[in-house]
Amino acid sequence: MPSKMRAGIVGVGVGIPEQVLTNHDLERRLDTSDEWIVTRTGIRERRIAPPHVATSDLAAQAAMQALRNAGKTPDEVDLIMVATATPDMPWPATACLVQAKIGASHAAAFDLNAVCSGFVYALWVAAQAVETGAYRCVLVIGADILSRQLNWEDRSTCVLFGDGAGAAVLVPVEEPYGVLSGVLGADGTGAPLLQVPAGGTREPITPEVLAQKRHTVYMRGREVFKFAVTIMGEVSLQALEKAGIPPEEVSLFIPHQANIRIIQAAAERLNLPMERVFVNLERYGNTSAASIPIALYEAWEGGRLRKGDVVVVVGFGAGLTWGACVLRWAY
Ligand code: UT7
């Protein structure tokens, strides 16, 4: 009997801007300190995209590297999903701009916005699309240029974020490999906790909006923190249960890189030692939808992902949204 087909990641890639902005650079512009940022968040530096670079540029770079690593060409791609909250423009979708840039002329393309949970949302939806046989080669991209939506005078938010993109290529793979389970959730009543209030149809851009900086990130940090420390562990356990895998079998836990204290709390909930937790936020800050695929790439490139490893990816973000997927690494 032929074994069941699942969707497996067979290539990963990144698009990361070169310019580094350190905590010490921020100390010179703001009433903040390297010590405060490191102890409260774990972040030491982040990358900032230059003015001429848009989200689709980083996304396309990540996509091409992921395709090369997968041994695939752009014309083999039949679906592109870009998880982003910072598209190049309100419309068309950034995914369409990526499609044109990489020449994936046979691919359908759309964006998905679940902010920092976006990559996990896209991965789980893409996995269904592959598992049903509807699509055979899907590019799942998480890309954000949050630096363009920050109020650089608000020390409580601007120190947290950075820019970047990461991509994964999903194709059918045979069991026991591939995406084994996923759990997604949302609580829209929590929308006011973390948002960019203006720039959409509710509050279109006006000179007043710009003067009040309502087109930038507003966050009630402590409340988001409390939500995050609970949900990251919870949803990971739910996804593991759905996959029928006990937490002690997790080889690598890849959480959304927002705050080291949130990551530690999640790891504790799963009883995982930090050696099995991937952390790179000290170098990139919170890159929103890009954080998990960048971490996946660095874990793979650094030899921390081997075929057969059980991997949990888990994220949370504005919405509020959250999600986790369990994978058995396929390459
Ligand atoms: O993808 C989702 C994105 N969001 C998050 O992950 C955010 C989750 N929340 C957090 O990570 C934390 O709440 C923060 C890192 C944002 C803040 O840490 P905290 O321990 O919750 O600090 P706080 O907001 O309670 O602020 C403590 C103090 C305040 O001063 P007072 O009122 O005690 O005098 C802030 O004004 O720290 C001050 N503060 C700063 N001081 C130096 C806030 N930001 C800074 C700063 N530098 N950058």
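The values are calculated or read from the model by the stated rules, or taken from the named source; none is laboratory data. A quick note: this is a predicted structure, and the numbers were derived from the prediction, not measured. Note that each Cβ is placed from the backbone with ideal geometry, even for glycine, and that neighbours are counted across all protein chains shown. Protein only, heavy atoms only, side chains kept; ligands, DNA and RNA dropped before computing areas. Shrake-Rupley method; radii C 1.70, N 1.55, O 1.52, S 1.80 Å.
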FRET efficiency (residue 202, residue 223; Cβ distance; R0 22 Å; to 0.05) is 0.55
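Using only helices, what value at 222 nm comes out for the chain when you add -39,500 (n - 2.57) per DSSP H run of length 4 or more and divide by the total residues, to the nearest 500 deg cm²/dmol? Before the final figure, lay out the partial values.
On the way: 11 runs with 112 residues, N = 331.
So the calculated ellipticity at 222 nm is -10000 deg cm²/dmol.
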Per residue, accessible area of region 180-328 with a 1.4 Å probe, heavy atoms of protein chains only, in Å², comes to 42
Residue-ordered couplings for region 150-156, obtained by feeding phi - 60° into the Karplus form 6.51 cos²θ - 1.76 cosθ + 1.60 and rounding to whole Hz (Gly and Pro as x), are 9, 8, 6, 9, 9, 5, 6
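Report the Rg/Rh value for region 141-219, based on alpha-carbon coordinates and the Kirkwood definition of Rh. Let's see the in-between values first.
Values: Rg = 17.9 Å, Rh = 15.8 Å.
Expressed as Rg/Rh, it is 1.13.
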Probe 1.4 Å, heavy atoms of protein chains only: per residue, the accessible area of region 66-168 in Å² is 37
With a 1.4 angstrom probe the carbon and sulfur portion of accessible area for region 190-331, in percent, totals 50
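Any idea what diffusion coefficient region 5-176 gets from Stokes-Einstein, in µm²/s, Kirkwood Rh on alpha carbon pairs, 4 °C, 1.567 mPa s? Before the final figure, lay out each step's value.
Numbers: Rh = 16.7 Å.
The calculation lands on 77 µm²/s.
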In degrees rounded to 10, the 0-90 angle between helix 260-269 Cα long axis and the longest Cα principal axis of the chain is 40
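Which loop-located GluC sites (Glu not before Pro) does region 1-96 contain, where loop means any DSSP state but H, G, I, E or B and the Cβ has at most 10 other Cβ atoms within 10 Å? Don't jump to the answer; show the numbers that get you there.
Numbers: sites: 18, 27, 35, 45, 76; in loops: 18.
Sites meeting the loop and neighbour criteria: 18.
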Residue separation between residue 156 and residue 40 times 0.36 nm, minus their alpha-carbon distance, gives in nm 40.7 nm
Relative to the chain, whose Cα atoms define the longest principal axis, helix 118-131 and its Cα axis are tilted in degrees, nearest 10, by 20
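Using only the alpha carbons of region 180-328, what is the convex hull's orientation-averaged projected area in square nanometres? Numbers along the way, then the final one.
Working: hull surface 38.9 nm².
With the hull built on Cα positions only, its mean projection is 9.7 nm².
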Taking the chain, the lysine pairs whose C-alpha atoms sit under 23 Å apart (8 or more places apart or on different chains) add up to 6
Relative to the chain, whose Cα atoms define the longest principal axis, helix 291-301 and its Cα axis are tilted in degrees, nearest 10, by 50
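Where the only charges are on Cβ atoms (+1 Lys, Arg; -1 Asp, Glu), what is the dipole of the chain about its Cα centre, to the nearest 20 debye? Can you show the working numbers first?
Details: 29 positive and 34 negative charges, 25 e Å.
So the dipole magnitude of the chain works out to roughly 120 debye.
In whole percent, and with a 1.4 Å probe on the protein chains, what portion of the accessible area of region 1-134 is carbon and sulfur?
Details: 3310 of 6020 Å².
With neighbouring chains kept in place, the figure for region 1-134 is 55 percent.
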P(r) of the chain over all Cα-Cα pairs, 20 Å bins starting at 0, rounded to whole percent, reads 35, 59, 7, 0
